């Protein structure tokens, strides 16, 4: 663990990313404490520019709602949807990839054709269709993001399992009569963990972007104040009130950037032999 | 100082403009039409954009000023018999169809009695009261009624009773007649071409029966699908007239500050669009009258008007719009009063059951409005779940009564018997339409009053009946009235006399002219 941290630390970008993410998580967690009132509450006159009132440093939106409070609650929504949808897509992708890689043959063929079917449909278009069919809500958005995000996981896990499948210790386990399920879960999967973690950190970032794009198009959960919704609602007034789209856009940018930097840091830390020379 | 000089110059220019208010001929009006109409055959299709374009091609017997008083159109004068049963119209005698054929009273009889009875559901309802329509001579039409029908003089508007050419449609299948693509009317403008997705072009009718009219040479309707692009088209001078509803409300303020730009919310008095929340009277918390009253007190409608509608329109105080006949303000008033709402909820013992709120999927303004109302309601303790939906889903959910609260707005057509009663009478309770008594309100007294109001003779008698109906309805709150919507028409100030009637630019280009 100490090794891991010292290697991670060497990548300065990753540390900065981690710092940003910690701030975002803290803001999300503390939102109800910092802003006890609902982010939907109309607190002041509409279109109040930033820095005109101390209580409302980022101004108000078209209905006089506090933009800063919206950002804090939006962080909750983005992180929640990013994390949960990634977990769901891992839960779909890992078993499919592991089965395909371990058994090979027609199982592999069948599962991979199925995976390719999802890969050939453009991600975002499929997500829009799914959300539109099932009516926008947190569940349908998480489901849609998970369904469009799992194929890369399956392919990655399959590749890893294929290469581990022929190692001596796996063959020894087979010879000793262990059950297939035990071999996959105990022997193989733990060794595929590092690339999965790296991929997952990047998937969280993609999921946040997907959710924002859906909300921007008006396909977000109408009961949740999310960053994408804030930008979507500000789109029509962008010429009168730049701050309404700027701040949530900046928040999305920083969070996604932070997650990407962390992903890179994790990659360096978990795969020391692959890390770039001269560092 | 320079600025002051400039504004002085502007004032002088305006003064000069009004001094030389002699209409000038010529010029082209560039107008936005949104959305693109499905057809221009006004006798078959009467939705908003069709009326707006085709209202300048087709005409009816009358037009209406902003107080809804009838004005001559194809009929130069008219008499109503004392008993309210016989309406005689004297037509202009020099009217020609756009293809050169002469127009006569036979066309009116054909249109009202045969063509529109088949194709126009709203008019058909009013024609139930008509016993016969006859043409004693080429320039006279007589409508005889079975019983008096108060709003009868109000049904001769272009979109309600468009007169279509008998010589083209008699004996044909109206819906498939090829002439539907090249509409022939008697109006001040003739159809020239319609390039789908691009524009509709109308040109001046040189043989128009009123001397000197119209002044404009052409009307060019631009079809621009995106709201922001429509606003830009006005800014860059591509279009000169933005009819109500063609740009987002948030843009109205910015556009009206442009140079040489005027705005008016007149021209909607005839249809009187009134918005409200359907409240499901059949089930859930909204079935309780006290809950519905609490909703009325909880909503800050002044705020919605100022923040979302740029201050245009009026807070609705009654089921009848204040521009419609027989409006009264002698009713229970619901000002913004969250405390009172909380008291009412406590009195009924509201247990926090969530209610589903359906926004109107017509763009940003309506979405923001739903968010504001949701917040208003949550502040008095009503739990609200907003349901996201598209136009088809909205229609279906409302038609099937699958909602607790839902935004809508309906037209009133100038008279409670035409546009108000339909929402509250119990004979109109039927699944399958989003425009009838969707809330499921039943009150025999209200049924009786609206039935009596339609056939009562004399303004005073009808006023008395409708006043009572409005008092009962505002007490019962079958639906939560929001605003009398104000749709701003934005235009260059040198376009004059554009909106002169209660129907706005639907028939406004007849008198409009462009000052050089």
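The residues in the stretch B:282-317 that are in contact (Cβ under 8 Å) with a residue 40 or more places away in the chain, within 14 Å of chain A (Cβ to nearest Cβ) and surrounded by fewer than 18 Cβ atoms within 10 Å (Cβ to Cβ) can be counted, and the count is 1. For the stretch B:1-38, filtered to residues that are modelled with pLDDT of 80 or more and surrounded by fewer than 17 Cβ atoms within 10 Å (Cβ to Cβ), the residue that is nearest to residue B:203 (Cα to Cα) is B:28. Candidates in the stretch B:438-481 are the residues that are modelled with pLDDT under 90 and not in a helix (DSSP H, G or I); of these, the one that is surrounded by the fewest Cβ atoms within 10 Å (Cβ to Cβ) is B:458. Does residue B:413 satisfy being away from chain A (no Cβ under 14 Å), at pLDDT below 95, more than 19 Å from residue B:315 (Cβ to Cβ) and buried (at least 18 other Cβ atoms within 10 Å of the Cβ)? Answer is yes for this residue. Which of the residues that make up the stretch B:379-397 are part of a helix (DSSP H, G or I) and under 24 Å from residue B:290 (Cβ atoms)? Result: B:379, single match. Scanning the stretch A:219-261 for residues being within 14 Å of chain B (Cβ to nearest Cβ) and either assigned to a helix (DSSP H, G or I) or surrounded by fewer than 18 Cβ atoms within 10 Å (Cβ to Cβ) (or both) gives a total of 17.
Take the stretch B:214-245 and flag every residue that is surrounded by fewer than 18 Cβ atoms within 10 Å (Cβ to Cβ) and in a loop (DSSP other than H, G, I, E, B). Result: B:217, B:225, B:226, B:236, B:237, B:238. Is at least one residue of the stretch A:78-98 under 30 Å from residue A:236 (Cβ atoms), within 14 Å of chain B (Cβ to nearest Cβ) and crowded, with 20+ Cβ neighbours inside 10 Å? No, that holds for no residue.
Quick grid of which residues meet (1) touching a helix residue (DSSP H, G or I) at 6+ places or on another chain (Cβ under 7 Å); (2) under 29 Å from residue B:247 (Cα atoms):
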{"position": "B:269", "(1), (2)": "no, yes"}
{"position": "B:276", "(1), (2)": "no, yes"}
{"position": "B:299", "(1), (2)": "yes, yes"}
{"position": "B:323", "(1), (2)": "no, yes"}
{"position": "B:335", "(1), (2)": "no, no"}
{"position": "B:339", "(1), (2)": "no, no"}
{"position": "B:352", "(1), (2)": "no, no"}
{"position": "B:358", "(1), (2)": "yes, yes"}
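For the stretch B:347-378, a residue qualifies if it is free of Cβ contacts under 8 Å to residues at least 60 places away in the same chain, within 11 Å of another protein chain (Cβ to nearest Cβ), assigned to a loop (DSSP other than H, G, I, E, B) and surrounded by fewer than 17 Cβ atoms within 10 Å (Cβ to Cβ), and exactly one does: B:354. Close contacts from the stretch B:387-400, counting a first residue that is buried (at least 21 other Cβ atoms within 10 Å of the Cβ) and a second that is at pLDDT 85 or above and part of a helix (DSSP H, G or I), with Cβ to Cβ under 7 Å and a gap of 6+ residues or different chains, come to B:389/B:397.
Residues in the stretch A:150-164: is at least one crowded, with 16+ Cβ neighbours inside 10 Å, at pLDDT below 90 and either touching a helix residue (DSSP H, G or I) at 6+ places or on another chain (Cβ under 6 Å) or over 20 Å from residue A:88 (Cα atoms) (or both)? Within the stretch A:150-164, not a single residue is crowded, with 16+ Cβ neighbours inside 10 Å, at pLDDT below 90 and either touching a helix residue (DSSP H, G or I) at 6+ places or on another chain (Cβ under 6 Å) or over 20 Å from residue A:88 (Cα atoms) (or both). Residues in the stretch A:192-208: is at least one within 14 Å of chain B (Cβ to nearest Cβ) and crowded, with 22+ Cβ neighbours inside 10 Å? So far as the stretch A:192-208 goes, no, none of its residues is within 14 Å of chain B (Cβ to nearest Cβ) and crowded, with 22+ Cβ neighbours inside 10 Å. Those helices (runs of 4 or more DSSP H) of the stretch A:56-158 in which 3 or more residues are at positive phi are absent.
Consider the stretch A:209-218 and keep the residues that are within 14 Å of another protein chain (Cβ to nearest Cβ) and farther than 14 Å from residue A:146 by Cα. The one that is surrounded by the fewest Cβ atoms within 10 Å (Cβ to Cβ) is A:217.
Within the stretch B:191-203, if we keep just the residues that are part of a loop (DSSP other than H, G, I, E, B) and in contact (Cβ under 8 Å) with a residue 60 or more places away in the chain, the residue that is farthest from residue B:96 (Cα to Cα) turns out to be B:197.
Put simply, of A:16, A:28 the only residue that is in contact with a helix residue (DSSP H, G or I) (Cβ under 6 Å, 6 or more places away or on another chain), surrounded by 14 or more Cβ atoms within 10 Å (Cβ to Cβ) and away from chain B (no Cβ under 14 Å) is A:28.
Number of residues in the stretch B:265-319 that are farther than 27 Å from residue B:254 by Cα and at pLDDT 90 or above: the value is 27. Across the stretch A:41-77, the number of residues qualifying as within 14 Å of chain B (Cβ to nearest Cβ) and closer than 26 Å to residue A:207 by Cβ comes to 5.
The values are calculated or read from the model by the stated rules, or taken from the named source; none is laboratory data. Source: prediction; values computed, not measured. FYI the Cβ positions are ideal-geometry reconstructions off the backbone, even for glycines, and counts take in every protein chain you see.
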